[in-house]
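Scroll down for the structure; my scribbles are underneath it.
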Amino acid sequence: MPEFKWLHLTDLHLGMSEHRHAWSNVRDAFFDDLTKMHAISGPWDVLLFTGDLVQSGSPKEFEALDVLLDQLWSFLNSLGSNPVLFAVPGNHDLSRPRKKNAAIRMLMRWEHEQELQREVWEDPESEYLDAIRTVFSNYDKWWKR
């Protein structure tokens, strides 16, 4: 049976003002840990990044994420891994609207509104789905690059 190996990362929050210099302070330790893990597990097929890659979903943060991921991929390649990236956006990977329109206000009640849930999943023309696409548009542009 073929092996499938994966590395899971989450909650980078790149762009968080309190952590502006965090990556430069922890990069070497992080790469050392990856080296140790790689020696145990061997090459990774997939890197799963599950949410909150950036802090506020701005284009500038996604540009900085590209730089960081280029560094990470160069390092993973040097270890002998060339994983495929699979990223799932989190609640910080969206651009929060300054003014909440009716669709956004309704989406904030997601867990209580089964009809809303059905419409989002079943109607590709839903105004709620359009609102979701809008707030995640920077993430979507980044992902398509």
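At a glance:
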item: Flag if LYS5 is of a type in the set (Lys, Arg) and touching a residue at least 40 places away in the same chain (Cβ under 8 Å); result: yes
item: Residue count for the range 91-126, restricted to those that are farther than 18 Å from LEU14 by Cβ, touching a residue at least 24 places away in the same chain (Cβ under 8 Å), among the polar types (S, T, N, Q) and surrounded by 15 or more Cβ atoms within 10 Å (Cβ to Cβ); result: 0
item: Residue match in the range 34-43 (condition: within 23 Å of THR10 (Cβ to Cβ), in contact (Cβ under 8 Å) with a residue 24 or more places away in the chain and under 21 Å from the mean Cα position of the chain (by Cα)); result: yes
item: Hits in the range 1-42 (condition: in a loop (DSSP other than H, G, I, E, B) and within 20 Å of SER56 (Cβ to Cβ)); result: THR10, ASP11, LEU12, HIS13, GLY15, MET16, ARG20, HIS21
item: Among the candidates LEU72, LEU65, residue that is in contact with a strand residue (DSSP E or B) (Cβ under 7 Å, 6 or more places away or on another chain), of a type outside the set (Val, Ile, Thr), closer than 30 Å to ILE132 by Cβ and assigned to a helix (DSSP H, G or I); result: LEU65
item: One residue from VAL135, VAL88, VAL54 being under 15 Å from GLY15 (Cα atoms) and either open to solvent by less than 60 Å² (accessible area, probe 1.4 Å) or at pLDDT 95 or above (or both); result: VAL54
item: Filtered residues of the range 36-49 (kept if open to solvent by less than 60 Å² (accessible area, probe 1.4 Å) and at pLDDT 95 or above); result: HIS38, TRP44, VAL46, LEU47, LEU48, PHE49
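The values are calculated or read from the model by the stated rules, or taken from the named source; none is laboratory data. In this text the structure is predicted, and so the values were computed from the model without any measurement. Using ideal geometry, Cβ is built from the backbone for each residue, glycine included, and neighbour counts are taken over all protein chains shown. When the accessible area is computed, the model is the full protein with side chains, heavy atoms only, and any ligands, DNA or RNA have been set aside. Shrake-Rupley method; radii C 1.70, N 1.55, O 1.52, S 1.80 Å.
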